[in-house]
Amino acid sequence: QAAIVGLEALVTAEITPSEVMEKHCPRQIEKTSHMTKSLYLEISGKVKSTLTSLPEVCNVSTCPRADWAGCVLRMAGHDFMDYVQPGEGGSDACTDFSDPDNKGLRECLADGEFGVSVGTVYSEYCSKVSLADMIVIAAEAVIEQTRQWHIEAHTNDKSTKYSESKPVSFADSFRFGRETKGKGVCQFRPHLLPNPVHGCDDVKRNFMDLMGMTPEQTTVISGVHTLGRARPENSGYDGWWSDPLNSRRFN
């Protein structure tokens, strides 16, 4: 019986992003005190370089750029989607990696997916920038780069559908100061993320009821699934959200 209790404790032990980042930076600051636009652009540029360093191969079975981009966005999403009114949760690097809902996230964040991770970039800035801020910057960089790939793919397209596509930039709207919460501070709660089994009702519960978003905002944020795919080892589901090539373009 003691062995069973010990095993259960091991399986359910909470693992936070700041813990898995310790191999990249054992002395992370909790809150960013100052950030310039140039620093933001420097960090964002290195995340983009990390993404573009991955192989361009993209087919039904493998597409590293789509998988890594999707993972980084999913990491940021799962960080803020555990929001609980009035004000608990949000973008605070307080994601429980031992929760099955978060399987596959620590790979692109710290462990290395396709040999690269956000942690490699963060190691240069962890004395200046909180991990909570870094996760947001990385996600915004991924959106900007994959949006650019979409535009480049349709440079010569004369149809209105693609000729009006605009690049996106988050540098001017970024606000630093998110505080990283670590083990012992995070208040984990199960089943806060939308469960696909429960369909639209759970999407409404998470984004509209808990986060206070409108139906329009909820629809827009669901568009994050334009990148990446579902993988059976993470969620039990399998397949690209659209097709491999478009799953690495923010279109």
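Residues that are over 20 Å from Asp96 (Cβ atoms), at pLDDT 90 or above and out of contact with any Ser or Thr (no Cβ under 8 Å at 6 or more places or on another chain) do not occur anywhere in region 176-195.
Rundown of residues vs (1) among the charged types (D, E, K, R); (2) open to solvent by 50 Å² or more (accessible area, probe 1.4 Å); (3) in a loop (DSSP other than H, G, I, E, B), yes/no style:
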position	(1), (2), (3)
Gln145	no, no, no
Pro194	no, no, yes
His198	no, yes, no
Asp209	yes, yes, no
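Go through Lys204, Lys181 for me and flag whichever is surrounded by 16 or more Cβ atoms within 10 Å (Cβ to Cβ), out of contact with any His (no Cβ under 6 Å at 6 or more places or on another chain) and free of Cβ contacts under 8 Å to residues at least 24 places away in the same chain. Sole residue among the options that is surrounded by 16 or more Cβ atoms within 10 Å (Cβ to Cβ), out of contact with any His (no Cβ under 6 Å at 6 or more places or on another chain) and free of Cβ contacts under 8 Å to residues at least 24 places away in the same chain: Lys204. From the list Asp157, Asp96, Asp133, the one residue that fits, being assigned to a loop (DSSP other than H, G, I, E, B), in contact with a Phe, Trp or Tyr (Cβ under 7 Å, 6 or more places away or on another chain) and not aromatic (Phe, Trp, Tyr), is Asp96.
May I ask you to verify whether Thr219 is in contact with a helix residue (DSSP H, G or I) (Cβ under 7 Å, 6 or more places away or on another chain) and either over 29 Å from Ile43 (Cα atoms) or hydroxyl-bearing (Ser, Thr, Tyr) (or both)? Taking the combined requirement at face value, the residue does not satisfy it. As a summary of the residue check, Val72 satisfies the conditions (1) open to solvent by less than 50 Å² (accessible area, probe 1.4 Å); (2) among the β-branched types (Val, Ile, Thr); (3) not in a helix (DSSP H, G or I) except for the one numbered (3).
So for region 84-95 (the condition being farther than 22 Å from Cys25 by Cα, open to solvent by 30 Å² or more (accessible area, probe 1.4 Å) and modelled with pLDDT of 95 or more), does at least one residue qualify? Within region 84-95, not a single residue is farther than 22 Å from Cys25 by Cα, open to solvent by 30 Å² or more (accessible area, probe 1.4 Å) and modelled with pLDDT of 95 or more. When region 204-229 is filtered for residues that are within 19 Å of the chain's Cα centre (by Cα), farther than 23 Å from Ser169 by Cα and at pLDDT below 95, the ones remaining, listed by number, are Asn206, Phe207, Met211. Give region 34-60 a look and list any residue that's open to solvent by less than 60 Å² (accessible area, probe 1.4 Å), assigned to a helix (DSSP H, G or I) and either over 15 Å from Ser173 (Cα atoms) or in contact with a helix residue (DSSP H, G or I) (Cβ under 8 Å, 6 or more places away or on another chain) (or both), or say none. Answer for region 34-60, where residues must be open to solvent by less than 60 Å² (accessible area, probe 1.4 Å), assigned to a helix (DSSP H, G or I) and either over 15 Å from Ser173 (Cα atoms) or in contact with a helix residue (DSSP H, G or I) (Cβ under 8 Å, 6 or more places away or on another chain) (or both): Tyr40, Ile43, Ser44, Gly45, Val47, Lys48, Thr50, Leu51, Thr52.
The values are calculated or read from the model by the stated rules, or taken from the named source; none is laboratory data. As the structure is a computational prediction, the values presented were derived from the model and not from experiment. So basically every Cβ, Gly included, is an ideal-geometry build from the backbone, and we count neighbours across all protein chains shown. Heads up: the accessible areas ignore ligands, DNA and RNA and are worked out on the full protein's heavy atoms, side chains in. Shrake-Rupley method; radii C 1.70, N 1.55, O 1.52, S 1.80 Å.
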